[in-house]
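Participant: Structure in structure tokens, see below.
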Amino acid sequence: MDRLSIIGGTPLNGRIPISGAKNSALKLMAAALLTDEPVTFHRMPNLADTRFLSELLQTLGVEVYWPKGENTCRLNAAELTSTIAPYEQVRKMRASFNVLGPLLARAGHATVSLPGGCAIGARPVDLHLKAFEAMGADLKIEEGYVKAAAIHGLKGAQIVFPFVSVGATEHAMLAATLAKGETVLENTAQEPEIADLADCLIAMGAKISGAGTATIRIEGVETLSGTEHNVMTDRIEAGTYAMAAAAAGGDVTLEDAPVEALTALVGLLRQSGVTVDADAEAHTLRIQRNGSALKATDVDTQPHPGFPTDLQAQFMALMTVADGTSIIRENIFENRFMHAPELSRLGADIQVRGREAVVKGVSGLKGAEVMATDLRASVSLVIAGLAAEGETVVNRIYHLDRGFERLEEKLTGCGANVRRRGEEDE
């Protein structure tokens with residue numbers, strides 16, 4: 001199993017191009033099931049997760065043209081040969097569950113494995129299922145599978161989510177595009193990825209308004225057509241590299257950065273003593289810290305436009321070397337502080353109390369062997385390793401491969417000493 005070796009203490013200097021957004025790409029790929037015409041995505045990130053989903057789509061009969069290493073992906077669901085998404089594939093990645101809505105809307109029935117829990121919390125899918133029931137679907141759960149049917153088609157409905165859910169918002173929106181009549185989704189998530197999905201669906205012929213606000217309206221259409229779409233760039237990847245530069249020091253410019261989607265992070269970095277030049281027109285984010293001390297800064301994770309939970313672990317890594325004490329509150333997922341004990345192995349001083357972590361900054365971290373527990377936690381260890389003295393070895397980096405395209409290449413291009421090690425290197 002591969003490991004990542006990081007020799008810390010070297011400032012980062014250079015430019016890093018930001019890839020397409022994983023959290024958007026996965027839902028966009030599911031949208032290709034809604035039409036029998038080809039859909040082409042540009043800036044599709046080459047990740048373990050996007051490749052996993054392409055394999056599942058092929059199981060359903062989708063023709064996939066996506067040469068290895070390329071960022072243009074063509075999906076053609078001209079004929080669905082199956083409406084069953086098996087456990088062996090859905091278990092690999094939670095987002096695979098999002099094929100249920102498109103299959104139900106287009107084919108009238110689907111059998112999809114429940115995704116189960118995950119390392120950062122249970123994340124139940126009951127909001128997804130209640131939305132489909134509101135649109136007239138008959139559902140039953142047997143032997144770990146959701147069996148759904150809407151033989152006469154889905155019908156428009158008014159759906160009020162009891163709490164904000166990105167996944168449920170996107171999934172209901174996908175299904176509603178082919179439902180008869182109008183669907184109104186209220187208390188919806190407002191993440192930029194939802195607007196990106198809506199833009200693609202509109203280009204396919206869907207009638208959607210309000211995406212990116214708390215109320216989304218979808219007027220169902222009979223069919224959707226093919227299209228070409230540029231996947232939005234990844235705000236989580238951009239934020240991660242911004243904090244890597246802040247932790248290691250130096251001068252890094254992020255290219256193709258979704259600047260307007262990172263307002264909450266930019267404000268916190270500036271509070272922390274980092275110089276940030278955000279240019280929304282040029283889509284660049286320049287991060288500078290040359291010798292200045294970091295200042296402890298509190299943060300609460302919130303739905304967009306608040307501080308994203310997917311950047312919480314990275315910000316904690318940054319605060320481990322800040323002057324003073326910072327309090328980090330996780331309001332989105334339970335059990336999302338599993339990186340804290342691993343950061344402590346590098347010398348961090350972190351006390352976790354339920355959904356709150358108290359981080360007392362230390363004068364320096366020292367390299368150690370650590371274990372990745374999930375995608376965002378794993379990259380927090382990379383950030384800490386870049387700031388630490390000596391060698392840090394991150395184990396189970398298959399988590400990193402799920403969400404960061406060419407991580408080592410991008411970091412070494414800015415002067416970092418980062419190397420992937422396989423068993424043959426031991």
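Participant: Could you compute the FRET efficiency for Ala282 and His42, with r as their C-beta to C-beta distance and R0 at 25 Å, rounded to 0.05? Before the final figure, lay out the partial values.
Facilitator: Numbers: r = 20 Å, r/R0 = 0.80.
FRET efficiency, Ala282 to His42: 0.80.
Participant: How big is the shadow of the Cα convex hull of the range 23-220, averaged over all directions, in nm²?
Facilitator: 9.9
Participant: Separate question: If amide hydrogens are placed 1.01 Å from N in the peptide plane, which non-local residues have theirs closer than 5 Å to the one on Asn230?
Facilitator: Amide H neighbours of Asn230: His42.
Participant: Provide the per-residue ³J(HN,Hα) series for the range 162-167, in order, calculated from phi with Karplus coefficients 6.51, -1.76, 1.60 and θ = phi - 60°, each as a whole number of Hz, with x at glycine and proline positions.
Facilitator: x, 8, 5, 9, 5, x
Participant: Taking the highest mean first, how do the peptides 394-402, 171-179 order by number of other beta carbon atoms within 10 angstrom per residue?
Facilitator: Most protected by this proxy first, the peptides run 171-179, 394-402.
Participant: Using the charge dipole of the range 1-53 (Lys, Arg: +1 at Cβ; Asp, Glu: -1 at Cβ; taken about the Cα centre), state which of His42, Gly14, Met1 has its Cα farthest towards the positive end.
Facilitator: Of the candidates, Gly14 comes out farthest on the positive side.
Participant: Per residue of the range 33-45, in order, report the coupling 6.51 cos²θ - 1.76 cosθ + 1.60 (Karplus, θ = phi - 60°) as ³J(HN,Hα) in whole Hz, putting x for Gly and Pro.
Facilitator: Per residue, the Karplus-derived 3J(HN,Hα) values read 6, 7, 9, 8, 10, x, 10, 10, 10, 9, 6, 6, x Hz.
Participant: Any of Lys295/Lys366; Lys27/Lys92; Lys92/Lys140; Lys68/Lys92; Lys22/Lys147; Lys22/Lys92 with alpha carbons more than 18 Å apart? Name them for me.
Facilitator: Checking Cα-Cα distances, Lys295/Lys366; Lys92/Lys140; Lys68/Lys92; Lys22/Lys147 exceed 18 Å.
Participant: In whole Hz, with x marking every Gly and Pro, tabulate ³J(HN,Hα) for the range 326-343 from phi via Karplus 6.51 cos²θ - 1.76 cosθ + 1.60, θ = phi - 60°.
Facilitator: 10, 10, 10, 10, 9, 9, 9, 10, 7, 6, 10, 10, 5, 6, 4, x, 6, 5
Participant: So how much slack lies between Asp300 and Met1, counting 0.36 nm per residue of separation and subtracting their Cα-Cα distance, in nm?
Facilitator: 104.1 nm
Participant: Follow-up question, since we're still on this one. Treating the beta-carbon of each Lys and Arg as +1 and of each Asp and Glu as -1, no other charges, what is the dipole magnitude of the chain about its Cα centre, to the nearest 20 debye? Intermediate values should be presented prior to the final figure.
Facilitator: Details: 40 positive and 54 negative charges, 122 e Å.
In debye, rounded to 20, the chain gives about 580.
Participant: A further question follows. For the chain, place one equal point scatterer on every Cα, skip the solvent, and apply the Debye formula. What is log10 of I(q)/I(0) at q = 0.06, 0.09, 0.10, 0.13 Å⁻¹?
Facilitator: Results for the chain at q = 0.06, 0.09, 0.10, 0.13 Å⁻¹ read -0.25, -0.55, -0.68, -1.10.
Participant: What is the distance, in nm, between label points placed 7 Å from the Cα along the Cα-to-Cβ direction at Arg396 and at Glu55?
Facilitator: Going by the 7 Å Cα→Cβ label model, 1.9 nm.
Participant: I've got another one for you. Return the percentage of antiparallel bridges among DSSP beta bridges fully within the chain, rounded to the nearest 5 %. Kindly include the intermediate steps, with their values, before the conclusion.
Facilitator: Numbers: 56 of 81 bridges.
Rounded to the nearest five, the antiparallel share is 70 percent.
Participant: Most fluctuating residue of Arg406, Arg353, Arg235 in a GNM of the chain with Cα springs under 10 Å: which is it?
Facilitator: With Cα springs under 10 Å in the chain, the top fluctuation among Arg406, Arg353, Arg235 is at Arg353.
Participant: Mind running the shape call on the range 278-419? Use the C-alpha gyration tensor, a ≥ b ≥ c as the square roots of the eigenvalues: rounded below 1.5 for a/c, prolate if a/b tops b/c, oblate otherwise.
Facilitator: Rounded is the answer for the range 278-419, as its axis ratio a/c remains below 1.5.
Participant: Can you tell which of Leu60, Ala206, Ala157 lies farthest toward the positive end of the dipole of the range 23-220, using +1 and -1 charges on the Cβ of basic and acidic side chains (Lys, Arg; Asp, Glu)?
Facilitator: After comparing all options, I get Leu60.
Participant: With a 10 Å cut-off between alpha carbons and a GNM built on the chain, which of Glu219, Glu70, Glu186 moves the most?
Facilitator: Its mean-square fluctuation being the largest, the pick is Glu70.
Participant: Full extension from Arg91 to Glu63: what is 0.36 nm times the residue separation minus their Cα-Cα distance, to one decimal in nm?
Facilitator: Stretched out fully, the Arg91 to Glu63 stretch lengthens by 7.9 nm.
Where a number appears in this text, it was derived from the coordinates with a stated rule and is not lab data. Since we're looking at a predicted model, the values are computed, not measured. Because the Cβ atoms are built from the backbone with ideal geometry, glycine has one as well, and the counts that use them run over all protein chains shown.
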